[in-house]
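Q: This is the structure I want to talk about, given as structure tokens.
Every number here is computed from the coordinates shown, using simple stated rules; none is lab data. Note that the coordinates shown come from a computational prediction; the quantities given were computed from them, not determined experimentally. Cβ placement follows ideal geometry from the backbone for every residue including glycine, while neighbour counts extend to all protein chains displayed.
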Amino acid sequence: MITVLVGVVIFILVLSLVIIVAREPGPSAGDVAVSYEAAWSRLDFKTLWVLSGEELRDRMSLDDYIVAKSAAYASTPLAQPPSTIEIVSLTIEDDYAVAHTSVVLTVGAQATNEIELARRRERWLVVAYRLISSGRTV
């Protein structure tokens, strides 16, 4: 009798845990946009691939993407850590979002970018990324 009771309690606890994890919404569109900007500043191609939709993966597997992007950016100066990454504006409509971000690097360079995101399989993914303006901060 006690064995059955313990089994039922364990089953209920496991089922509750599965339901709680399944209902977790994951990172917001704004969080994904900031993470994407941070990954670009570090040239973290693995994170970029994970946060990107198929549109930005160039039809490559993760390993191929990392090799190709690493080769393409090999002559780029070392990645610069940003001093700030901010969401300037964020518009969300159903399963689509557009974030405008401001990135200021520690060396004084500044960029404003537009990041389009789509929610797919309950996850926000970056589907387009455009530089709007760049320059130096005062």
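Q: Can you tell which of A71, A109, A118 shows the greatest fluctuation in a Gaussian network model of the chain with Cα springs below 10 Å?
A: Maximum among the listed residues: A71.
Q: Helix 62-72 against the longest principal axis of the chain: what's the angle in degrees, Cα atoms only, rounded to the nearest 10?
A: Result, in degrees: 10.
Q: Related question: With label points built 7 Å along Cα→Cβ from the Cα atoms of L15 and T84, find their separation and express it in nm.
A: So the label points at L15 and T84 sit 5.1 nm apart.
Q: For the chain, with a Gaussian network of springs between Cα atoms less than 10 Å apart, report the residue from A111, A33, A99 with the top mean-square fluctuation.
A: With Cα springs under 10 Å in the chain, the top fluctuation among A111, A33, A99 is at A111.
Q: Still on this structure, please answer the following. For the chain, what's the relative contact order in percent, using C-alpha pairs closer than 8 Å and at least 6 residues apart?
A: Values: 202 pairs, mean separation 30.4, N = 138.
Relative contact order here is 22 percent.
Q: Among R59, R119, R42, which one shows the biggest mean-square fluctuation in a GNM of the chain, springs joining Cα atoms closer than 10 Å?
A: R59
Q: At each listed q (0.11, 0.15, 0.18, 0.19 Å⁻¹), what is the log10 of I(q)/I(0) that the Debye formula gives for the chain modelled as equal alpha-carbon point scatterers?
A: Values, matching the q order: -0.51, -0.79, -1.04, -1.12.
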